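Notes follow the structure.
The values are calculated or read from the model by the stated rules, or taken from the named source; none is laboratory data. Everything quoted here is computed from the prediction, not taken from an experiment. FYI the Cβ positions are ideal-geometry reconstructions off the backbone, even for glycines, and counts take in every protein chain you see. When the accessible area is computed, the model is the full protein with side chains, heavy atoms only, and any ligands, DNA or RNA have been set aside. Shrake-Rupley method; radii C 1.70, N 1.55, O 1.52, S 1.80 Å.
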Amino acid sequence: PLDDHNLQLLDHVHPTGWKDPTSQNKYDLVVIGGGPAGLVTAAGAAGVGARVALIEANFLGGDCLNMGCVPSKSLIHAAKLAHTVKGNQAALADAGITIQGGADSVSIDFAKIMERIRRIRAGISHHDSAERFTKELGVEVFMGRGTFVDNSSVMVNGQTLKFNKAVIATGGYPSLLPMPGLKELHQMNTNPGNKPRPYVMTNETFFNMTEQPQHLVVCGPGVIGVEMAQSMQRLGTKVTVLGRSGRILPKEDDDHAKTIQDQLEQDGVEFRLSVTEYVGVVL
């Protein structure tokens, strides 16, 4: 939603009225990509006296600020609080804390949870802002897509930037499963109108939610999928996790993954981890 929090965020990480500086002399360093790696590289180089240009086509702060670390940990915090007061009545009672009506009296305001996430994200976004990097850190910020011209120059918004060294820190993007119907449904969700329909999300759009889904299917039992699955289950959404490897967290130790899966199953998450083929999605 384009509320005050997201407007504040956009003013910092992709200001609409931003004017690129005029490139004159050769840069010591050009950094393409304004996510965590690019920001740290640009700030560090400028801090030791280098002339630095930073190019970002989308949102400064990258995944971590906009759709990763910051919003996900805010959601996990809310889910942990809900789990504490709803799911551990005995421990609360032992500590002398009683909730009148028990766990059933605890209500979840999902819209408020998501509003808090947007507020927290906007509140810290100045640290990654174009204004701060320009005025406080001495980095020349260009908001646009960079294209290499040769091995010592890059073009952005019609300007050619000469450089001695360049760092490519463009990160990555989520990809949809090659499942018939999924891409079309995902595209429909970019402009859903008032017609209710299943919502297909990636990590880039997950935190745009304002209404709590009754049932969430997570395709992929990796770190991001598992932490979002547990959080949503603890907030009251029925969650099913799909995977192909026969286990969750395939890059982690078996015993650690087993412990985590046991906890998620206690929370109510359902797992189907022996999927052989994603056949299609029916609208």
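List, please: which pairs have Cβ atoms under 6 Å, are six or more places apart or on different chains, and start with a residue in the range 224-242 that is within 24 Å of M179 (Cα to Cα) and end with one that is assigned to a helix (DSSP H, G or I) and hydrophobic (A, V, I, L, M, F, W, C)?
Here the result reads V239/A229; V239/M232; V241/A229, each pair linking the range 224-242 to a residue that is assigned to a helix (DSSP H, G or I) and hydrophobic (A, V, I, L, M, F, W, C).
Being open to solvent by less than 50 Å² (accessible area, probe 1.4 Å) and part of a strand (DSSP E or B) is true for just one of V149, V141. Which residue is that?
V141
Restricting the search to the range 254-271, which residues are touching a residue at least 24 places away in the same chain (Cβ under 8 Å), open to solvent by 60 Å² or more (accessible area, probe 1.4 Å) and not acidic (D, E)?
I260, Q263
Read through the list (1) under 29 Å from L39 (Cα atoms); (2) surrounded by fewer than 17 Cβ atoms within 10 Å (Cβ to Cβ), then give the number of the only condition that Q214 fails.
Unmet condition: (1).
With the checklist (1) loosely packed, with under 15 Cβ neighbours inside 10 Å; (2) closer than 14 Å to F271 by Cα in hand, flag the one item Q233 doesn't pass.
(1)
Is at least one residue of the range 32-46 β-branched (V, I, T), assigned to a strand (DSSP E or B) and in contact with a helix residue (DSSP H, G or I) (Cβ under 6 Å, 6 or more places away or on another chain)?
No.
Taking only the range 71-94 into account, find how many residues are assigned to a helix (DSSP H, G or I) and open to solvent by 30 Å² or more (accessible area, probe 1.4 Å).
Residues meeting the conditions: 15.
Name, by its number, the condition in (1) at pLDDT 90 or above; (2) polar (S, T, N, Q); (3) open to solvent by 90 Å² or more (accessible area, probe 1.4 Å) that does not hold for T190.
Status for T190: all satisfied but (1).
State the number of residues belonging to the range 224-263 that are out of contact with any helix residue (DSSP H, G or I) (no Cβ under 8 Å at 6 or more places or on another chain), of a type outside the set (S, T, N, Q) and assigned to a helix (DSSP H, G or I).
Summing the residues that are out of contact with any helix residue (DSSP H, G or I) (no Cβ under 8 Å at 6 or more places or on another chain), of a type outside the set (S, T, N, Q) and assigned to a helix (DSSP H, G or I) in the range 224-263 gives 7.
How many residues are farther than 25 Å from Q214 by Cα, open to solvent by less than 50 Å² (accessible area, probe 1.4 Å) and of a type in the set (K, R) when one looks only at the range 104-132?
Residues flagged as farther than 25 Å from Q214 by Cα, open to solvent by less than 50 Å² (accessible area, probe 1.4 Å) and of a type in the set (K, R) within the range 104-132 amount to 1.
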